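Reading through the structure tokens given below for one structure.
The values are calculated or read from the model by the stated rules, or taken from the named source; none is laboratory data. Keep in mind that this is a model prediction, so the values were computed, not measured. Cβ atoms come from the backbone with ideal geometry, glycine included; neighbour counts cover every protein chain shown. Heads up: the accessible areas ignore ligands, DNA and RNA and are worked out on the full protein's heavy atoms, side chains in. Shrake-Rupley method; radii C 1.70, N 1.55, O 1.52, S 1.80 Å.
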Amino acid sequence: MPAGSIEKMKYALSYGADAVYLGLSDFSLRALRKGELIDETNLSRSVRIAESLQKKVYCTLNIFAYDDDIKKLYQTLDIIKDAKPHALIISDFGIFRIVRKYLADIDIHISTQTNTLNSEAVKFYRDLGASRVILARELSYKQIEKIRKEVADIELETFIHGAQCMAYSGRCLLSDYLTQGKRKANQGLCAQACRWSYKLVEETRPEQYYEIVEDDKGSHIMSTKDLCLVKHVRELSQLGIDSLKVEGRTKSLYYVSGVAKAYRKVLDGVLSADDAYLELKKTGNRGFTQGFFLGDNNSTSYSYDISKGLAGADFLGIFQEKTGDNTYKLLMKNKVLLNDKVEIITPNYSTGAVVTRIEHPKKGEIDTANTNDEINLTFDCETKDWVCESNWALLRTKGIKECF
């Protein structure tokens, strides 16, 4: 699972991930701005937290590097060496060479940015000393199967869920051009220009704009739907794929928790793929596609009417501590009203509930809990003997609203 911050990392691991990938700001393809970001000062602490849970941390060094980046990497080598992440994810041969020379005890995973599509390329990276190759998202199941059969002595990883790039294996210059070089996608600053709404203008009529697709939401002609392979993960596991990967280091704490739980339960055989699919619809998405996996990728993989991910259930709050009988202190993420029907989710269980009391620390009993309030909520739970694991519990709206 992705770890965009230490808090998100803890939730991803608690909700079922075996490992997380995270990036140092100067060498990662995701520039993050919120939460306790993982950087040179706390990389070691992040690894130790994961290890205390018997989980792993993979550190991304997968930018397309210039000489100035290489200089920064030399200055960061000791920090990485001391932190001892379980692997480094790399796409640049220059970075690969430095890591092999100075961080030889750390495994190397080849990034999906290298767009590895065939067994000979996998053998090439194996012979260079890589321990794992993260395959390109443009591969079908049959092509992945062939690679696995052809190369049995290296780990393979595939993406199974999350936002997709409309460019080949993420190699895109749209953001660079449309922001005049200020937001370089391959340096971690993608402006997601493919998600913008476009109109057509004819050169001799500069003030007349035409919708490319006529609707009330705009024209998102390059915005792809999100990948969702929850109905195929057991096939991939049985095939011998070593690691299943989810995209989303800029996504919310709720997203990483809900997605990790759904896939974990399917892999463990305690939740059907169909039920997990409904759970995944409750997390942020732009509609789902199986992409190239079935070998028939087409225009239905694009989300022409929207660009922003929408969730089938609203994230309402984070449980902080138990304060009484069926009463808990929460940090609110959205508004909740007295008598609202809600759902409490934890890594192992979930239950429907009704909010029967809202208590503000200064105002006393009130009818509304507002966003960013730290407030006590009392619940009448559908499952009467249900015990809340308040350390990791989250609150969301009940049911699934149709977003697409």
Virtual spin-label span in nm between Ser131 and Glu150, 7 Å along Cα→Cβ: 2.5
R0 of 30 Å, Cβ-Cβ distance Ser140-Lys84: FRET efficiency to nearest 0.05: 0.25
Among the listed pairs Lys81/Lys251; Lys56/Lys384; Lys184/Lys335; Lys56/Lys398; Lys225/Lys265, those beyond 30 Å (Cα-Cα): Lys56/Lys384; Lys184/Lys335; Lys56/Lys398
Unit charges on C-beta of K, R, D, E only; dipole of region 1-145, Debye: 260
Full-stretch length increase - Lys398, Ala104 - with 0.36 nm per residue and alpha-carbon distance subtracted: 100.9 nm
DSSP H segments from the chain that extend 18 Å or more along their own axis, Cα-based, with Kyte-Doolittle mean of 0.0 or above: 253-267
Theoretical gain in end-to-end length, Asp39 to Lys231 [0.36 nm per residue, Cα-Cα removed]: 65.6 nm
Largest-first ordering by accessible area, 1.4 Å probe, given options Cys194, Cys165: Cys165, Cys194
Packing-based ranking, highest mean first, of 383-391, 343-351, 252-260, 121-129 given that Cβ atoms within 10 Å are counted: 252-260, 343-351, 121-129, 383-391
Residues of region 40-113: accessible area per residue with a 1.4 Å probe, Å²: 50
Fraction of accessible area attributable to carbon and sulfur, the chain (%, probe 1.4 Å): 48
Within region 330-345, backbone nitrogen closer than 17 Å to the virtual label 7 Å beyond the Cα of His360 toward Cβ: 330-339
Accessible area of Lys71 in the full protein assembly, 1.4 Å probe (Å², nearest 10): 130
Difference of contour (0.36 nm per residue) and Cα-Cα distance, Cys381 to Phe64: 109.0 nm
Spatially proximal aspartates and glutamates relative to Lys329 (Cα-Cα < 14 Å; intrachain offsets below 8 disregarded): Glu321, Glu359, Glu365, Asp373, Glu374, Glu389
Accessible area in the full protein assembly, largest first, 1.4 Å probe, for Arg234, Arg396, Arg148, Arg97: Arg97, Arg234, Arg148, Arg396
